[in-house]
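The values are calculated or read from the model by the stated rules, or taken from the named source; none is laboratory data. No experiment lies behind these values; they were computed from the predicted model shown. When we count neighbours, we look across all protein chains shown, and the Cβ atoms used for this are built from the backbone with ideal geometry, even at glycine. Side chains included, ligands, DNA and RNA excluded: accessible areas come from the protein's heavy atoms. Shrake-Rupley method; radii C 1.70, N 1.55, O 1.52, S 1.80 Å.
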Amino acid sequence: MTKYILSIDGGGIRGIIPAMILSEIEQKTNKPISQIFDLMAGTSTGGIIVAGLGKKSYQGELQYSASDLVDLYQGYGKYIFKSSFLRRSIFSWLNGAQYSHKNIEDILDIYFGATILADVSSNLLLTSYDIYNNCPFFFKSWKEDRNFIKLKDALRATTAAPTYFPPKYLKVGETERVLIDGGVFANNPAACAYANGKKLFPNDDIILLSIGTGRLTNSIKYANSRKFGKIGWIKPLINIMFASGLDCVNYQLEQVIDDKYLRIQSQLTVASPEMDNAAPQNIKCLKKEVEMMIECNQKAIDKFCTIVS
């Protein structure tokens, strides 16, 4: 048999890109995404998307389409990334995260409520990093020792990007964990998804679809970088950390599974690369990026849709 795996990168507000691409796939196949894929993995904003696509209503039916999640970014992006004057000022470099955890938790509560990992319709994998125990931590819906965790808590953890949002404290069993964005080690979670897919489906062929949130265009000149001190390096270093592993994972999977692996990604050309730029004008630019990304990958998308249809 063939099993299908979906992997979605992190990228903050740029999550609208994979959400719109998945909406295109839903329309072409006339199938909900979670009925196409046997395992869905996401980091940070990618985690919100895959969790939303797998969430069931109290009646046991799928609650959100990919189009509904596009609406989440359009309708609530500015609220999630709303910051007070003090948080935007120099004080934020010295004390506290740039954005309050309250706003994002409000939205996660609206969309996910009391739903637990065990209740999703497909195998779900979310990445995070435990800074208290110094190790990666994966939320796996099929693991009985963690499938009781609420989706909104797992998503708060995987989206806790350093300097943007405070970490998420969570007690799992008897272990205390302090969790941050999985993007610090797996902003492209495709390799993690493939490794878990091989464990879940050891005797099956695997086809993996990986969707990015746009490759960054901002560069750092030598003349500027040589002047950076400890504070000056913080923001560039975070951007480098989140971006550097994307193409590495892509290369590894191309070598390992070759034609069973499809990556949809492109360079950002008109939209801001900033994860927190939720201004209406940038949302419009991100939509333009999606149109160009779909056009560049149209043959691959059509081929994939034909296979799963």
Practice item. Report VAL290's accessible area, 1.4 Å probe, all protein chains in place, as a number in Å² to the nearest 10. Key: 0 Å²
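Keeping all protein chains in place and using 1.4 angstrom, which order do LYS299, LYS288, LYS140 fall into by accessible surface area, from largest down?
Heavy-atom accessible area, descending, gives LYS299, LYS288, LYS140.
What ranking, highest mean first, results for peptides 151-159, 7-15 when packing means the other Cβ atoms within 10 Å averaged over each residue?
Working: 151-159: 26.4, 7-15: 28.9.
Per-residue Cβ counts within 10 Å, averaged per peptide and sorted highest first, yield 7-15, 151-159.
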Revision key, fill the gap. Expected max-MSF residue from GLU24, GLU274, GLU144 in the GNM of the chain (alpha carbon, under 10 Å) is GLU144
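Ordering TYR4, TYR76, TYR58, TYR132 by how much accessible area each has at a 1.4 Å probe, largest first, what is the list? Walk me through the numbers before you get to the answer.
Working: TYR4 35, TYR76 75, TYR58 215, TYR132 140 Å².
My answer, sorted largest first, is TYR58, TYR132, TYR76, TYR4.
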Check your understanding: On full extension of the chain, what length is gained from GLU61 through TYR169, given 0.36 nm per residue of separation minus the C-alpha to C-alpha distance?
Key -> 35.8 nm
Check your understanding: Pick from TYR129, TYR64, TYR251: which residue has the top mean-square fluctuation in a GNM of the chain where Cα pairs under 10 Å get a spring?
Key -> TYR251
Check your understanding: Roughly speaking, what is the centre-to-centre gap between the range 161-215 and the range 108-151 when only Cα atoms are used, to the nearest Å?
Key -> 10 Å
Review point. Within the chain, what percent of beta bridges assigned by DSSP are antiparallel, to the nearest 5?
Key: 45 percent
Check your understanding: Given a 1.4 Å probe, how much area per residue of the chain is accessible, in Å²?
Key -> 47 Å²
